[in-house]
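Colleague: My questions will all concern the structure given below.
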Amino acid sequence: MTTPLARLLLVLLLVIINAQTGSAQGTHPSVNDEQAVRQIVKQLEDGWNAHDGKAFAAPFAADADYVVVNGSKLKGREAIEQGHAGIFTTIYKESHNSGTVTSVRFLRPNVAVAHVEWNLEISPGDEKAKAISTLVLTKDGAKWSIAAFQNTPIRTAGR
């Protein structure tokens, strides 16, 4: 025979176990979350290849941090858009960029880090410049956006 106190403790234990199991089930990112992160990289690639600063900047958070390959820093989607609109009409007006997602890691259900290798052809037929970027992405509701972006050149022999 169990005492009322023992029954109460058993019920409390079951409630705690159920709460922990229920919250743990909701903390894992879904396959859709990884696909959304990969789609954002595709949006960057498509915006670049269309030479469209607005389209390139669209997946960034309004207050995103962007470290350019030369080490300078842009703050916010608007600055990212303006900066890219400028380079798309000058030095990169004939460029083509292709990105390959090499990893996606979820730090939290709503925070991911992605690494992307880029192959940039500045003009048709030119040797490709290579870079790797680190993206920190956050999810607000159902929408992922880039909170921070660091772009670093990959040195090849002789360069």
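Where a number appears in this text, it was derived from the coordinates with a stated rule and is not lab data. The shown structure was predicted, so the numbers you read here are calculated from the model rather than taken from an experiment. Note that we place each Cβ from the backbone using ideal geometry, even for glycine, and neighbour counts take in every protein chain shown.
Colleague: Putting +1 on Lys and Arg Cβ atoms and -1 on Asp and Glu Cβ atoms, find which of Leu44, Leu74, Ser123 reaches farthest to the positive end of the dipole of region 31-153.
Modeller: Going by the charge dipole, the pick is Leu74.
Colleague: To the nearest 0.05, how large is the calculated FRET efficiency for Ser30 and Asp63 if R₀ is 25 Å and r is the Cβ-Cβ distance?
Modeller: About 0.45, to the nearest 0.05.
Colleague: Which value, in debye to the nearest 20, gives the size of the charge dipole of region 31-153 about its Cα centre, when Lys and Arg are +1 and Asp and Glu are -1 at the Cβ?
Modeller: About 340 debye.
Colleague: For Lys139, which lysines qualify as cross-link partners when the Cα separation must be under 26 Å and same-chain residues fewer than eight apart are set aside?
Modeller: Cross-link targets: Lys42, Lys54, Lys73, Lys75.
Colleague: So for the pair Ala50, Thr102, with labels modelled 7 Å out along Cα→Cβ, what separation do we get in nm?
Modeller: Rounded to a tenth, the inter-label distance reads 2.8 nm.
Colleague: Also, I was wondering about something else. Restricting the count to DSSP beta bridges whose residues both fall in region 31-153, what percent are antiparallel, rounded to a multiple of 5?
Modeller: Taking every DSSP beta bridge with both residues in region 31-153, the antiparallel ones total about 90 percent.
Colleague: Contour minus end-to-end for Lys128 and Ala148, with contour as 0.36 nm per residue of separation and end-to-end as the Cα-Cα distance?
Modeller: 4.7 nm
Colleague: If you don't mind, another one. Efficiency by 1/(1 + (r/R0)^6): what FRET value for Asp140 and Ser72, r their Cβ-Cβ distance, R0 = 30 Å, to the nearest 0.05?
Modeller: 0.65
Colleague: Using per-residue counts of other Cβ atoms within 10 Å, averaged over each peptide, order 77-90, 40-53 from highest down.
Modeller: Ranking the peptides 77-90, 40-53 by packing returns 40-53, 77-90.
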